[in-house]
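Some notes on the structure that comes next.
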Amino acid sequence: MSRKFLDTSHPMFRPLWVRVLIVAICLGWAIFEVVGGSPLWAMIFGALGAYAAWAFFIDPNRGSDAK
């Protein structure tokens, strides 16, 4: 059994507002880190937010059991 980093087929991620909130929190925290002067953490949270946005809204296999 392979485990994904972000299991988009989990029922918790079904509502749109949950997916939008997760992406917004990650990207918002990245902005907070840039303003605070921590570029490494900003890149980490920015990448996490970008990955979540891709996994939730762009990935054609979102929610499927495709490997």
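Observations on the structure shown:
- Flag if residue 47 is assigned to a loop (DSSP other than H, G, I, E, B), surrounded by fewer than 13 Cβ atoms within 10 Å (Cβ to Cβ) and either modelled with pLDDT of 95 or more or of a type outside the set (Ser, Thr, Tyr) (or both): no
Matching residues to (1) in contact with a strand residue (DSSP E or B) (Cβ under 9 Å, 6 or more places away or on another chain); (2) surrounded by fewer than 14 Cβ atoms within 10 Å (Cβ to Cβ); (3) part of a helix (DSSP H, G or I); (4) among the hydrophobic types (A, V, I, L, M, F, W, C):
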site	(1), (2), (3), (4)
4	no, yes, no, no
7	no, yes, no, no
12	no, yes, yes, yes
17	no, yes, yes, yes
25	no, no, yes, yes
28	no, yes, yes, no
33	no, no, yes, no
40	no, yes, yes, yes
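- Selection within region 1-47 - in contact with a helix residue (DSSP H, G or I) (Cβ under 6 Å, 6 or more places away or on another chain) and among the small types (Gly, Ala, Ser): 30, 42, 46
The values are calculated or read from the model by the stated rules, or taken from the named source; none is laboratory data. This is a predicted model, so every value here is computed, not measured. Methodologically, a virtual Cβ is constructed for each residue, glycine included, from the backbone with ideal geometry; neighbour enumeration extends over all protein chains shown.
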